[in-house]
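These notes are about the structure you will find just below.
The values are calculated or read from the model by the stated rules, or taken from the named source; none is laboratory data. No experiment lies behind these values; they were computed from the predicted model shown. Using ideal geometry, Cβ is built from the backbone for each residue, glycine included, and neighbour counts are taken over all protein chains shown.
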Amino acid sequence: MRITPVRTVVAAFVLLASAACTGEREGQDAEQSAGTSESTSAPTTPSPSASAAPSPTPPVPTAASPVSLPALMAKEYDGRALRLRRVLARTDAYVRHAVTYRSGDLRISGILNIPRGGGPFPVAILAHGYIDPAIYTTGRGMAREQDYLAREGFAVLHVDYRNHASSDDDPDAERDLRLGYTEDVINAVHAVRRSGDPRLDGERVGLVGRSMGGGVVQNVLVTQPGLVDAGVVFASVSSSTVDNYRRWIENDRPEVARAIVRAHGSPEDNPELWAQASPRTYVDRATEPLLMLHGTVDDTCPPRWARRTAAAFEEAGKDVRLVWYEGEGHTFGPQWPASMRETVRFLRRQW
């Protein structure tokens, strides 16, 4: 594991105190202006695991429940029917489309930024953080990342998830620990590859997730090794589902907590299920490199979570790099441009 501190050359930054890692106000946070202040990164030493010969992927474990990562590992995916709907915007660098695709029996909505030119363009699939589905609008939550990556030559597919925007409803999504969101991102990759659109290079695909979406990216990497080329997570939730449940569900959303416990048992009553819902349990299955970007004063998704996740991947011999942004909170302010440059460099190195 490579842990890289980042030194800010400005003293102040904007931290939105209302940020929530999987909290109700993250959409507003993610749309905050990033600013233009620069930062520099300390030299890094390649992780020993980065150049090691890949080990065989462990067999799929027996699923204790249909609501588990082993169940997602065993599932057959048929993401398809990627359709460009109306044009939402035209910029000097790209065209923004409303899109839909199929995720199992559900139709999922999203946005797709396609750079101007013939392509084919590498694809970045974005997994956004928590925003109350009642107020969520299509493509919301990672607007600045969508724009930046498209201007860097990536076709950018931002997934709305089930129950969001124009996506079909899944009434059990909350009760079932939101693992359906992981299915929707997996199916997005398949939909891109089956689209037949010559501008989309389905052989060069990276995942970028922030906050709750960081957990979705971790889930994809451990359940579907080899599906994509790499994953990037900003200010990610914990790789332990129990941590996330304790922090945001158990006390803050008691009605959801009761539904979860009735369906699956509490972490104390059914520890096997909760372990099987946590990507940390299965880091030995990941085969693609992971870049983690985290602020040192993130009081929403605590830095200790990032350390534990990175340590778990490292102990399993995986290619993981954790970059710290000194003084940054959950939403990233002055150093956001530097974090995006790091993201683009990382993704391009995979190709």
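See the values below:
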{"read-out": "Subset of segment 120-131 (residues that are closer than 21 Å to residue 193 by Cβ and buried (at least 16 other Cβ atoms within 10 Å of the Cβ))", "value": "121, 122, 123, 124, 125, 126, 127"}
{"read-out": "Qualifying residues in segment 153-178 (those that are more than 29 Å from residue 336 (Cβ to Cβ) and aliphatic (A, V, I, L, M)) - the one surrounded by the most Cβ atoms within 10 Å (Cβ to Cβ)", "value": "177"}
{"read-out": "Residue list for segment 103-119, restricted to those being surrounded by fewer than 24 Cβ atoms within 10 Å (Cβ to Cβ) and in contact with a Phe, Trp or Tyr (Cβ under 7 Å, 6 or more places away or on another chain)", "value": "114, 115, 116"}
{"read-out": "Set 213, 180: member being part of a helix (DSSP H, G or I) and within 12 Å of the chain's Cα centre (by Cα)", "value": "213"}
{"read-out": "Criterion (more than 30 Å from residue 280 (Cβ to Cβ), among the β-branched types (Val, Ile, Thr) and at pLDDT 95 or above) met by exactly one of 135, 108, 125", "value": "135"}
{"read-out": "Close pairs from segment 58-69: first more than 23 Å from residue 318 (Cα to Cα) and at pLDDT below 95, partner outside any loop (DSSP other than H, G, I, E, B) and among the acidic types (Asp, Glu), Cβ under 7 Å, at least 6 apart", "value": "64/272"}
{"read-out": "Residue within segment 277-299 that is outside any helix (DSSP H, G or I) and under 22 Å from residue 172 (Cβ atoms) present", "value": "yes"}
{"read-out": "Of all residues in segment 225-273 being in a helix (DSSP H, G or I) and of a type in the set (Ser, Thr, Tyr), the one that is surrounded by the fewest Cβ atoms within 10 Å (Cβ to Cβ)", "value": "245"}
{"read-out": "Neighbours by Cβ (under 8 Å, 6+ apart or cross-chain): first from segment 267-289, more than 30 Å from residue 351 (Cβ to Cβ); second assigned to a loop (DSSP other than H, G, I, E, B) and among the polar types (S, T, N, Q)", "value": "273/65; 273/68; 276/65; 276/68; 277/68; 278/239; 278/240"}
{"read-out": "Options 107, 144, 162; residue that is part of a strand (DSSP E or B) and either of a type in the set (Phe, Trp, Tyr) or over 14 Å from the mean Cα position of the chain (by Cα) (or both)", "value": "107"}
{"read-out": "Candidate set from segment 300-332 (those that are of a type in the set (Gly, Ala, Ser), in contact with a strand residue (DSSP E or B) (Cβ under 9 Å, 6 or more places away or on another chain) and outside any helix (DSSP H, G or I)); member that is surrounded by the most Cβ atoms within 10 Å (Cβ to Cβ)", "value": "329"}
{"read-out": "The listed residue being surrounded by 18 or more Cβ atoms within 10 Å (Cβ to Cβ) and either touching a strand residue (DSSP E or B) at 6+ places or on another chain (Cβ under 6 Å) or not in a strand (DSSP E or B) (or both), out of 89, 81, 150, 134", "value": "150"}
